[in-house]
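Here the structure comes first, spelled out in structure tokens, and everything after it is commentary.
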Amino acid sequence: MKPATIRYSIRPSKPEAHLLEVDCTLAEPDPAGQRFALPAWIPGSYLIRDFARHIVAIRAEAAGRPVRLSKLDKHTWQAAPLAKGESLTVRCEIHAWDLSVRGAHVDQTHAFFNGSSVFLRPLGHEQWPCLVDIQRPFGEEFEAWRVATALAPARGEKGAARRHAFGVYRAANYDELIDHPVEMGTFTLGRFTACGVPHEVAVSGRHDCDLARLTADLKRICEWQIRFFGEPAPMPHYVFLITAVGDAYGGLEHRASTALLCARDDLPYTGMRGMPARYRTLLGLCSHEYFHTWNVKRIKPAAFTAYDLDVENYTTLLWAFEGFTSYYDDLTLLRCGVIKTKDWLELVARTIDKVQRDPGRQRQTLAESSFDAWTKYYRPDENTPNAVVSYYAKGALVALALDLTLRARSESRISLDEVMRALWQRHGEHDSRGGIGVEDEDIRLIAEELSGLDLDRFFAEAVHGTTDLALAQLLKPFGIRLKCAAASDTPSLGATTGNEGNEVRLTTAYDGGPAQSAGLSAGDLLLAIDGLRVTPATLERLLARRQAGDTVRVHAFRRDELMEFSVKLGEPARDRHKLLLTGKTSPLRRHWLHGQPQATVQPGPCSPSAASSEKRSR
């Protein structure tokens, strides 16, 4: 029997008060008392966010009469039993004032929401098809508003929307419903086609974006990635939802769209020449989220093949799904011709800087960092640099190291490109079948199968160990020299600081560094060095007059107590890396940096681990 349809409606009821009114109507509720839950987190952002805390009112009704709702836990409610055949409607009022890519934000200028933060999940009915009526706010001032989303209009349904219009949209199930963010407002819209797939760019907020430049660059990026994995693209339509503000940066991937937050100065403007660093960063973010269309949205860790939206979903593989994506995001810009080789080498060097600067790389493995994302990476504190390694940054370097290893040892016969395409063919969600979740050892096994190499030691050290990657040695056969130097001659405090107006506060004391050894701590307000006042303008000058090994007197406030410390200054930190091209372009380097995407990997038998994954999934 064909399942009934879950019907939703959503409307900014009071934009000035940042309120959304959201209805969920179920035609065949559980006669024993239907339960509803709001997700505790959003896939792609690995932190329990407790979206239910934004619900300010909730009630239920059937046939116009109130139905009792009992709250079972922080995000679950149960309705009183109903007579057979009665439909049930639950109505929520939600405060939407989270200006991020993860939640919901409403005011008089626009409305944005992710479904996971606003749509109740009728437990037991998650696989039912969903219809959602997206409604504009009441009032003449909102008549010019329209809708941007990758949700499909519900053609054939009463009140069906047209693309960009208010009305009824369709999703195959609850999982699909919450994987299509929605923007309402007077956004600017750009369009382009990539490998036959229509793409849109909706830019909200005040801006002077050159949409022609942006869409032209995005077209090159998207076409390269589609061809990399192989046509046809896995989505019929794609939308970039960009919110431009004064200063922000962030993105979140979805199966046919991405939500992006950027500074308006990151956007290209008419007459802009070259590739400014800020615009390059924005394109890298777009490239990153677009690559996720395959890598994490359709090629998933086994732990994500069926999301449990109530609790943490642990995996040790974020280093591959975020780190490998972080490797390919900027590499795509180079390979499709948006940036030059020197620009890409500079970006890689910055990633090396980031990883090598923090002592946490010597304490936490990439597998541990992935597993602990829920409690450590997304909850940073003053000791995070000492305790945590970024699975984004070091994961990107592991991808680089693995790519170089495969290419050099196979004479460019096999690379990470082939591994990614094999993952897509064997583990990806295709129209004809669901995906087979990637287990912990699958990436190593596929790389070994394709290359014929024994990579056990590589993965043991790079992913499950804390040994620094031998990048200088790996880059040498490709005609690239890795140079490491100090950023300046100034002796080091072994700490990071932050400016608060005209004051300087210590933010992190590195393990074993001069500041920590002397007793200084994160949060200390630096007042003076050898009796001279410390300000953002004088700190560097005061230290520059000293030599490594000198001892200085530091006065600081800890809370409201004045304290004095004797700090023996350390050597200038050698944390500035540079990648330099040497000699003529070798075939290895040319094939690596400028090779064209060729999706030559055909569906084949699964590796032993993949085969066992398929068996377990059934």
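The values are calculated or read from the model by the stated rules, or taken from the named source; none is laboratory data. A quick note: this is a predicted structure, and the numbers were derived from the prediction, not measured. Glycine also receives a Cβ, built like all others from the backbone with ideal geometry; neighbour counts cover every protein chain displayed.
Can you go through Phe51, Phe36 and tell me which one is closer than 30 Å to Ser369 by Cα and touching a residue at least 12 places away in the same chain (Cβ under 8 Å)?
Phe51
Would it be correct to say that Ala79 is surrounded by 15 or more Cβ atoms within 10 Å (Cβ to Cβ) and either at positive phi or outside the structural domain of His254 (by TED's automatic domain parsing) (or both)?
yes
May I ask you to say which residue of Ala320, Ala263 is touching a helix residue (DSSP H, G or I) at 6+ places or on another chain (Cβ under 9 Å) and in the same structural domain as Gly434 (by TED's automatic domain parsing)?
Answer to the selection: Ala320.
Report whether or not Arg409 is in a helix (DSSP H, G or I), over 21 Å from Ala302 (Cα atoms), touching a residue at least 12 places away in the same chain (Cβ under 8 Å) and not hydroxyl-bearing (Ser, Thr, Tyr).
yes
Just checking, does segment 69-81 include any residue being under 26 Å from Val147 (Cβ atoms) and not in a strand (DSSP E or B)?
no
Limited to segment 256-281, what total is found for residues that are over 23 Å from Asp179 (Cβ atoms) and in contact with a strand residue (DSSP E or B) (Cβ under 6 Å, 6 or more places away or on another chain)?
2
With (1) free of Cβ contacts under 8 Å to residues at least 24 places away in the same chain; (2) under 30 Å from Asp431 (Cα atoms) as the list, and Pro234 as the residue in question, which single condition is left unmet?
(1)
Counting only residues that are outside any loop (DSSP other than H, G, I, E, B) and farther than 16 Å from Glu503 by Cβ, how many does segment 542-560 have?
Here the count works out to 5.
What pairs come out if I take residues in segment 352-380 that are modelled with pLDDT of 95 or more and pair them with residues that are outside any helix (DSSP H, G or I) and of a type in the set (Lys, Arg) whose C-beta lies under 7 Å away, six or more apart or interchain?
Asp353/Arg576
Each row is one residue, and each column tells you yes or no for (1) touching a helix residue (DSSP H, G or I) at 6+ places or on another chain (Cβ under 9 Å); (2) modelled with pLDDT of 95 or more; (3) within 22 Å of Tyr314 (Cβ to Cβ); (4) buried (at least 23 other Cβ atoms within 10 Å of the Cβ).
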| residue | (1), (2), (3), (4) |
| --- | --- |
| Asn386 | yes, yes, no, no |
| Leu397 | yes, yes, no, yes |
| Glu411 | yes, no, no, no |
| Asp456 | yes, yes, no, no |
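Which of the residues spanning segment 421-470 are within 18 Å of Leu400 (Cβ to Cβ), hydroxyl-bearing (Ser, Thr, Tyr) and assigned to a loop (DSSP other than H, G, I, E, B)?
Of everything in segment 421-470, those that are within 18 Å of Leu400 (Cβ to Cβ), hydroxyl-bearing (Ser, Thr, Tyr) and assigned to a loop (DSSP other than H, G, I, E, B) turn out to be Thr466, Thr467.
Given Arg213, Arg206, Arg170, Arg220, which one is on the phi < 0 side of the Ramachandran plot, of a type in the set (D, E, K, R), surrounded by fewer than 16 Cβ atoms within 10 Å (Cβ to Cβ) and in contact (Cβ under 8 Å) with a residue 24 or more places away in the chain?
Checking each option against the conditions leaves just Arg206.
On the basis of being of a type in the set (Asp, Glu), surrounded by fewer than 18 Cβ atoms within 10 Å (Cβ to Cβ) and in a strand (DSSP E or B), does Glu564 make the cut?
Against the criterion (of a type in the set (Asp, Glu), surrounded by fewer than 18 Cβ atoms within 10 Å (Cβ to Cβ) and in a strand (DSSP E or B)), Glu564 qualifies.
What tally of residues in segment 121-166 results from selecting those that are of a type in the set (Gly, Ala, Ser) and crowded, with 19+ Cβ neighbours inside 10 Å?
Selection size over segment 121-166: 4.
Within segment 490-518, track down each residue that is surrounded by fewer than 16 Cβ atoms within 10 Å (Cβ to Cβ) and in a loop (DSSP other than H, G, I, E, B).
Of everything in segment 490-518, those that are surrounded by fewer than 16 Cβ atoms within 10 Å (Cβ to Cβ) and in a loop (DSSP other than H, G, I, E, B) turn out to be Gly501, Asn502, Gly512.
Quick one: what pairs do we get from segment 85-96, first residue surrounded by fewer than 19 Cβ atoms within 10 Å (Cβ to Cβ), second acidic (Asp, Glu) and part of a strand (DSSP E or B), C-beta under 7 Å, 6+ apart or different chains?
Arg91/Glu21; Arg91/Asp23; Glu93/Glu21
Restricted to segment 528-546, and to residues that are more than 40 Å from the chain's Cα centre (by Cα) and within 23 Å of Asp511 (Cβ to Cβ), which residue is surrounded by the most Cβ atoms within 10 Å (Cβ to Cβ)?
The qualifying residue surrounded by the most Cβ atoms within 10 Å (Cβ to Cβ) is Ile529.
Any residue that is surrounded by 14 or more Cβ atoms within 10 Å (Cβ to Cβ), acidic (Asp, Glu) and touching a strand residue (DSSP E or B) at 6+ places or on another chain (Cβ under 6 Å) - is there at least one of those in segment 99-117?
no
Take the residues of segment 458-489 that are surrounded by 14 or more Cβ atoms within 10 Å (Cβ to Cβ) and without any contact (Cβ under 8 Å) to a residue 24 or more places away in the chain: which is farthest from the chain's Cα centre (by Cα)?
If we take residues in segment 458-489 being surrounded by 14 or more Cβ atoms within 10 Å (Cβ to Cβ) and without any contact (Cβ under 8 Å) to a residue 24 or more places away in the chain, then Lys476 is farthest from the chain's Cα centre (by Cα).
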